[in-house]
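As structure tokens, the structure follows; a few thoughts come after it.
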Amino acid sequence: MQIIYKEYNLELKYPFTIAKFSRNSTPVVLLQINFQGFKGLGEASMVPYMGESFSSAKAFLKKVDLSSFTYPFKMDEIIEYLDDLEVGQPAIKAAIDIALHDLIGKISQKPCYELFGSSPDKMPLTTFTIGIDTPEIIIKKVNDALADGFKLLKIKLGRDTDKLLIETIRSVTDLPLYVDANQGWIDKNQGLEMAYWLAEQGVLLIEQPMPKEDVDGNAWLTERSPIPTVGDEAVQRFADVAKAKGVYCGINIKLMKSAGMYEASKMIEEARKHQLKILIGCMSETSVATLAGAALAPLCDWADLDGPFLTSNNPYHTPQFKNGKYILENLNGLGVEHL
Ligand code: MG
């Protein structure tokens, strides 16, 4: 198996601001694994706050030698090998994992969703994410989302303008909302008051309300909140799933945190064991990682896979999307098509 890759700057349609930072583009690695005439496509999206970069990805890929694996199907062994090479680096590991799944699908002539027993007719609605911004830009983004057919919006909160932001959105649409505080709420009593106010505004879930380190605060809020809470920053890989029980109602799985589809599928099973709900999320991603997430989305309760709609130079066709949901096509592998 041979790995080739290139660095790519994925431009955002609008500068993206959340509670902790703002940015205009995201470095991604577009990766391909060649095997007996088949080509598997993968992607690493390396948002700066996660600590990976072009240089860390390059250094990691230099160490990777898949020649001892004569076949791409041994996912458990390959993931273990990648984890033994270096701790961390989940995004570039995800790029390899996604490319291998695309390859496995193409070789076995099955769509990736079928590899996981995931059924396209159970696809949940996906949200369109709106970052912290001026009222004019927020209204423009809401109109973009409506034009693209979205039926759900996700609003980034966590600053002192939270109520104004929600009121601005409510001046243009009554679509149901998810909110993501990105650890921005510090006081649990204020958080609870906000949760009640948000429930009245048609908000259906709250992602990472308080800092991930404040386990007791998040658990206290979860117990009392009228809206389900979801751990995102607190839940990276498999070992974090069980720890989320009793602290949040659900977990946010992202392939760029879980090191790819294989571990994400294990996390889904583990979450079900602990009666945790599941949101499948994304970073700024092209169609490759988005379709990998969408392949697993029918196994989850909620989806936030808006990458291709928030970026302006996706090098692939935008996946099929109708009435707020991705349509998984019966194509081998991920079903990614080049422009
Ligand atoms: Mg989040």
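The values are calculated or read from the model by the stated rules, or taken from the named source; none is laboratory data. Note that the coordinates shown come from a computational prediction; the quantities given were computed from them, not determined experimentally. Every residue, glycine as well, gets a Cβ built from its backbone with ideal geometry; the counts of neighbours run over all protein chains shown. Each accessible area value is taken on the protein alone, full model and side chains, heavy atoms only, with ligands, DNA and RNA left out. Shrake-Rupley method; radii C 1.70, N 1.55, O 1.52, S 1.80 Å.
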For this session: Report yes if some residue within segment 253-272 is closer than 23 Å to residue 177 by Cα, open to solvent by less than 10 Å² (accessible area, probe 1.4 Å), in contact with a Ser or Thr (Cβ under 6 Å, 6 or more places away or on another chain) and not small (Gly, Ala, Ser); otherwise report no.
Result: no
Problem set entry | Candidate set: segment 1-44, residues that are within 30 Å of residue 159 (Cα to Cα) and of a type in the set (Gly, Ala, Ser); chosen: the one most open to solvent (accessible area, probe 1.4 Å) | 22
Exercise. Residue 88 is checked against (1) touching a Pro at 6+ places or on another chain (Cβ under 7 Å); (2) without any contact (Cβ under 8 Å) to a residue 60 or more places away in the chain and fails just one. What number does that condition carry?
Worked result: (1)
Exercise. Among (1) open to solvent by less than 40 Å² (accessible area, probe 1.4 Å); (2) small (Gly, Ala, Ser); (3) over 13 Å from the mean Cα position of the chain (by Cα), where does residue 303 come up short?
Worked result: (3)
Problem set entry | Filter result for residue 250 (surrounded by 19 or more Cβ atoms within 10 Å (Cβ to Cβ), in contact (Cβ under 8 Å) with a residue 40 or more places away in the chain and within 27 Å of residue 187 (Cα to Cα)) | yes
Exercise. Within segment 196-220, can you find the residues that are within 16 Å of the ligand (Cβ to nearest atom) and either outside the structural domain of residue 167 (by TED's automatic domain parsing) or open to solvent by less than 50 Å² (accessible area, probe 1.4 Å) (or both)?
Worked result: 198, 203, 205, 206, 207, 208, 209, 210, 211, 218
For this session: Restricting attention to segment 273-291, report how many residues are surrounded by 24 or more Cβ atoms within 10 Å (Cβ to Cβ) and of a type in the set (D, E, K, R).
Result: 1
